1. Output yes when any residue across the range 72-84 is farther than 24 Å from residue 128 by Cα, open to solvent by 50 Å² or more (accessible area, probe 1.4 Å) and among the basic types (Lys, Arg), and no when none is.
2. Report, ordered by the first and then the second residue, all pairs with beta carbons closer than 8 Å, sequence separation of six or more or different chains, a first member in the range 32-50 that is in contact (Cβ under 8 Å) with a residue 24 or more places away in the chain and under 24 Å from residue 126 (Cα atoms), and a second member that is open to solvent by less than 70 Å² (accessible area, probe 1.4 Å) and of a type in the set (Gly, Ala, Ser).
3. Of all residues in the range 29-70 being part of a loop (DSSP other than H, G, I, E, B) and under 24 Å from residue 105 (Cα atoms), which is most open to solvent (accessible area, probe 1.4 Å)?
4. From the set of residues in the range 126-144 that are part of a loop (DSSP other than H, G, I, E, B) and modelled with pLDDT of 95 or more, which is most open to solvent (accessible area, probe 1.4 Å)?
5. Scanning for something open to solvent by less than 50 Å² (accessible area, probe 1.4 Å), outside any helix (DSSP H, G or I), touching a Pro at 6+ places or on another chain (Cβ under 8 Å) and at pLDDT below 95, does the range 101-115 turn up at least one residue?
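The values are calculated or read from the model by the stated rules, or taken from the named source; none is laboratory data. Because the structure is predicted, anything quoted here is derived from the model rather than measured. Cβ coordinates were reconstructed from backbone atoms using ideal geometry, including for glycine residues, and neighbour counts include every protein chain displayed. Accessible surface is based on the protein model in full, side chains and every heavy atom, while ligands, DNA and RNA are left aside. Shrake-Rupley method; radii C 1.70, N 1.55, O 1.52, S 1.80 Å.
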Amino acid sequence: MAITQRRGRRIMMSPAELDAFLAEQRTCRVATVSPDGMPHVSALWFAWDGTSLWLYSITRSRRWSELRRDPRIAVVVDAGEEYGELRGVELSGTAVFVGEAPRTGEPCPELEVAERLFARKNFGLDSMPHDGRHAWLRLTPEAIASWDFRKLSGL
């Protein structure tokens, strides 16, 4: 189970709010660690299955090679324009590589739910198209911090 934040409990999302938010959002920012220790951040589509964040990454990307070397990862998903609308989630932990890389569509029971969720959310399809360039990363968060500034108006 993930560790939740200590500060900001008044504005943190409930588990149901967090699930709904991650189900509706499409883009996240993924932070990895470069060989020289500098952070590297890139945008990526994702799917949330209620327990883990699934990332479909190009296997020839800087992100992929950095995670191969050091699987520590932090991901931010956020929304809102005005201060009182800001809400988001930061999830961190260790990335796990799942399935063949690159993914060609070989049967992989562990990916069935993630691929169905991702295909529906991002492509409007019932099954995942595979291009032989991407593969799956799973982040089952060790820590989660969330915020919903819309809750400030009720305080």
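1. Within the range 72-84 (the criterion being farther than 24 Å from residue 128 by Cα, open to solvent by 50 Å² or more (accessible area, probe 1.4 Å) and among the basic types (Lys, Arg)), the answer is yes, since at least one residue qualifies.
2. 47/114; 48/23; 49/114
3. Residue satisfying both the conditions and the ranking: 60.
4. Among those that are part of a loop (DSSP other than H, G, I, E, B) and modelled with pLDDT of 95 or more, it is 133.
5. Within the range 101-115, not a single residue is open to solvent by less than 50 Å² (accessible area, probe 1.4 Å), outside any helix (DSSP H, G or I), touching a Pro at 6+ places or on another chain (Cβ under 8 Å) and at pLDDT below 95.
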